[in-house]
1. Answer with yes or no whether B:Ala392 is in contact with a Cys (Cβ under 9 Å, 6 or more places away or on another chain) and assigned by TED's automatic domain parsing to the domain that holds B:Arg204.
2. Could we say that A:Tyr202 is touching a strand residue (DSSP E or B) at 6+ places or on another chain (Cβ under 6 Å), aromatic (Phe, Trp, Tyr) and touching a residue at least 24 places away in the same chain (Cβ under 8 Å) here?
3. Quick check on A:Lys80: is it in contact (Cβ under 8 Å) with a residue 40 or more places away in the chain, touching a helix residue (DSSP H, G or I) at 6+ places or on another chain (Cβ under 9 Å) and of a type in the set (Lys, Arg)?
4. Of the conditions (1) in a loop (DSSP other than H, G, I, E, B); (2) within 11 Å of another protein chain (Cβ to nearest Cβ); (3) of a type in the set (A, V, I, L, M), B:Leu288 fails just one. Which one is it?
5. Please count how many residues of the stretch A:338-351 are surrounded by fewer than 24 Cβ atoms within 10 Å (Cβ to Cβ) and either touching a helix residue (DSSP H, G or I) at 6+ places or on another chain (Cβ under 6 Å) or within 14 Å of chain B (Cβ to nearest Cβ) (or both).
6. Please pick out the residue among B:Tyr490, B:Tyr454, B:Tyr495 that is on the phi < 0 side of the Ramachandran plot and within 12 Å of chain A (Cβ to nearest Cβ).
7. Against the conditions (1) within 23 Å of B:Thr192 (Cβ to Cβ); (2) modelled with pLDDT of 90 or more; (3) not basic (Lys, Arg), where does B:Met267 fall short? Just the number, please.
8. Quick check on this structure: which one of B:Pro206, B:Pro130 is in contact with a Ser or Thr (Cβ under 6 Å, 6 or more places away or on another chain) and over 23 Å from B:Ser360 (Cα atoms)?
Amino acid sequence: METIVMEHIRLPKVENVRLIDTVTSRRASVGTLYLTATHTIFVENETEILTETWVLHSLVFSVEKQASTTTGCPLLVRCKNFQVLQFVIPQERDCHDVHVSLLHLSRPEHYEELYCFSYNANSDREDRRKAWDFINLKAEYSRMGLPNHLWKLTPANHHYKIIGMVSDTYPADLYVPKSATPPVIMGSSKFRSRGRFPTLSYYYKENHAAICRSSQPLSGFSARCLEDEQMLEAIVRSNPRSDFMYVVDTRPKLNAMANRAAGKGYENEDNYSNIKFHFVGIENIHVMRNSLQKMLEVSEAHFPSMSYFLEGLESSGWLKHIKAVVDAGVFITKAIAEEGISVLVHCSDGWDRTAQVCSVASVLLDPYYRTLKGLMVLIERDWVSFGHKFSHRNNHLNGDPKEVSPVIDQFLECVWQLSEQFPCAFEYNERFLITIHHHVYSCQYGNFIGNNQKERTELQEKTHSLWTYLWKNRTDYINPLYRPDHSQTQGVLRPLTAPYCFKFWGALYNRFDRGIHPRQSVMEYLMAIREETQQLEEQLDRMADDIEASSMFAYPWRIGNICTICKENMSEQAKHVFSYGIHIETAVEASSMAGQEGCWYKGQQYARTEGLIM
Amino acid sequence: MEFSEHIKTANVEDVVLRRPFYQPTKGTLCVTGHHLIFSNRGGDSARPFLLLLRNIDAIEKSVENLLGYSRLFSSTGQSQRPSVSSGTITLKCKDLCVLQLDIPGMEECLNIASSIESLSSLETVSEMYPFFYRPPFLSLQDQWGLSSTEQHYAQMKEIHDGWRVSQVNRDYSVSPSYPPAVIVPHSIDDETLVKAARFRQGGRFPVLCYYHRETGTVIMRSSQPLSGANRKRCREDELLLQAVIDGSELGYIIDTRSSQQAQQARMTGGGFESKSCYRGWKRLHRQLEKGKVLQESLIKLVEACGDQSHSVDRWLSKLENSKWLSHVQTALSTAGLVAECVERDGHSVLVHGSEGTDTSLLVSSLAQLILDPDSRTLAGFLGLLEREWVQAGHPFQQRCAHSAYSHVRLRHEAPVFVLLLDCVWQLARQFPLAMGFSEPLLLRLAKEVYASDYGTFLCNSDQERCVTGVKERTHCLFQSLLRANERQHYSNPLYERTELAIWPSIQPPSLQLWKGLFLQWTDDALHLVEAQKVIQNLVSQCHRPLNEKVENTDG
């Protein structure tokens, strides 16, 4: 494998390359450019501290060789994480070689060439496997309260095929209404694009309402499918408190109607009893791709006027699209939490807009998804397991550029927009979202390789999991303003979706233009304070320890191991607690609460049972 | 004149008040000389709602007379409702809040509306509320204002060699809008100043506003020179500026008009400093909008923020179309330019536009915030506002007579001070640890400047304040803000003094709409306020006490 990659490197090292600061376009640093199997590395000359710029090949979005000038040949490298690097290579021939090499290196043909298979490959296999168990979707469904008397786990897709019908884009484990029989599942599956029949995404314990997802029905202009109708009826019946459900088609109505000509389309309210049909009008992947492109052009402009920026932002339509996704999420959240009505969400294939809308609704409905682990679980459930085509959408391999689209990017941005509106409601911070965004593209971890669970299971075991890496470093990703007990944190989020609530996300799209970010960060300051606070607490504990040790006899009610008031021997456990330096004050205060004035030992016991101390 | 003449109906029962963040409540409405008082009768312990009439920018009323219907009903014996006509008054306030009063009885409604209309537009200064406001915690014997020019000068020992305090304007005869004392170069005597003043619009000759210790250079401000169509010169004015850059090679004149505007000003008797007459001074033009353009910008912005239609397209184009953020960008970049001249290039700067009472003050005070750590403390910032805006003669009364909702024909209104506060907010957003004061202070000032219990923002100049007795008969807002409990409320819990200049980014993505002000009556702002409380709590309740505890235990 390594040798295949090495073949692409025509020139491993070029000297006297200049790296232009694209923000100011004034400063340039001179150094040496290296091409390795995995990275492009630029090492600056003559700096006191070794300054290196590393760019992962899988993060390279485009390489553009520009017309030569007297100073050399410029090479513009745009990255998927919005970094833009402009190199000037003295010799045109060298520039050509680097250009050709990078084009090959950044567009691998096979999964095996991706970085995740060489990244830290020699680590212990067993450790790596265990790390993959960190996020467990079975545990997630049981956290939601499933299976129960309304929903069951169906083995229908356990081998990624439903008898006679391949459904290789769905996960093996699917939850369906208790009353959905195998023939109903099979029939419904036949009547849906790619066999993606209605199945459960999120179950709202409080009132039994559920979010289900599927692909579009193959209804054409008049086709019907009894099993599919029965499937929806079963979903309605699995919510005992309501007698109808919403079907939310996330596409613009025109697009859905156009699909009918191709034998696809949407549910006819006349054929399905007890459904209310609703379009939410989110545009397709092509519109989104172009929109992002336009917005990036605006954000990359050098010293634009305010008007240019605002007009450009508007004409890109990006924030309008973000708002459409959040609006759809809000609609579903209201249906579930306020009306208690179940919802079926679909678009065309049910893996892009459907994933966005279902996961935004989950974030709004359930505080769990606003925690670090919860967001990982959510992405794992609604995106990874349900077959969002990561490798196609995020351009992992050399493939059809029309398949590329910032779909999960938009989901992450929706979460960011919400976190800006509710600063205390999310356990994770902006950096967490940006890091996930980075690794969705980086191919450093195996989580997002491939386009569905079936493809992935074979690939994943040789790679590392992003989630364990993030969890190990979770202190970096904690929002210091998060309070589990804060009113913003609890229950359902009800965001405003007025246009002014949606802002340009400079920290992501201008991530590498340091100049535009706030010069001082409140978050970093508070994180530092939090750390310091912890250290101070520890220090205080240690001091208390010292004081206690030095004043063993200063407390008349405790001599040696015997409490003089209750005459009881301190238990081993109490001694242990003591040796870890529990605040004396706490114990003494607790003792008075326990009705044993001044008895340290009883105080300890009381405090422990009341959870005042450990 | 008695206020009661204006009050046709003083009390109305069963009025329903609708306002942001509150459920509609029924209660009694009372109109007094300066306030609208609303109290709900129930056992509710809530304090009555008090609204300063001066705060009302626009009043809209609609009445419904259901008399005809009621006859119809009563003849069939179906309805015997006593009150059949009613009215609704919508009050749009200068703090951008919109309230609604549902008043039973058409006549009462019209009476209340006309009372509010006439009382909220009284223009005699001595009848305004600050002359009646007597809180128990303040005394009229207290010093009015934080510091005088003399006191400010006395604190800056390092300038005593080159600069002096001149009392040339002690009777306001040289410049009616200047304070009695100003700081000028030592070598320039009062006689020269008098002559130089005649050559500047409104007598506003160049005076010192900031001395940069590290480079020994200064920021000065003035109004435009009256060179006129035939390029008049004034030897004394040239001498005065010469004295400023004495020794150093170069000074910069930052003209806050475009060079075309400056040329045109000559036709009406104004002008600019020509290169040939002012040796060593280099003129740069940076056009800052003011007056009507700025006022209309604010009106458009507020209208965009109040727009309930839910299309992002229209929002962004309306925001763009208001040009407010462009004005913020220009103001900050011009201030940055001034600061750069002083700090990085080591050259003195003179800032002026035409009158020297609006954009010049905006630029000079922002430049000081960028450069001077002393002006970034709570007291330092208020001191800066007092020197650069109140004493320097920003015509508050004219500029802030009406805000964004008023239907009255505009005269001299312009939100220059609000623009300053927005720019300061942008600075504080980019440097959240560098300012000793917090957003609530800026919001409080944005409100007080339009309608206040205090006399600080009354009148247009120091002279007017003396004549009307503001300093003797009203309380000073800045003094009040520095009282212990207020001080705590308005301090930035994250403040860590930095001696460095704070250079703002003026890239469009770095500048944001000030939601705290322009969208303060939406829920969105509410969540952000909650977040501020959590920050406050994190820092002052958890971190600081623990720190002290460790120190104490250690000791």
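The values are calculated or read from the model by the stated rules, or taken from the named source; none is laboratory data. Keep in mind that this is a model prediction, so the values were computed, not measured. Cβ placement follows ideal geometry from the backbone for every residue including glycine, while neighbour counts extend to all protein chains displayed.
1. Criteria met by B:Ala392.
2. Criteria met by A:Tyr202.
3. In short, yes.
4. For B:Leu288, the exception is condition (2).
5. 2
6. Values: B:Tyr490 fails: within 12 Å of chain A (Cβ to nearest Cβ); B:Tyr454 fails: within 12 Å of chain A (Cβ to nearest Cβ).
One residue alone meets the criteria, B:Tyr495.
7. (1)
8. B:Pro130 is the lone residue from the list that is in contact with a Ser or Thr (Cβ under 6 Å, 6 or more places away or on another chain) and over 23 Å from B:Ser360 (Cα atoms).
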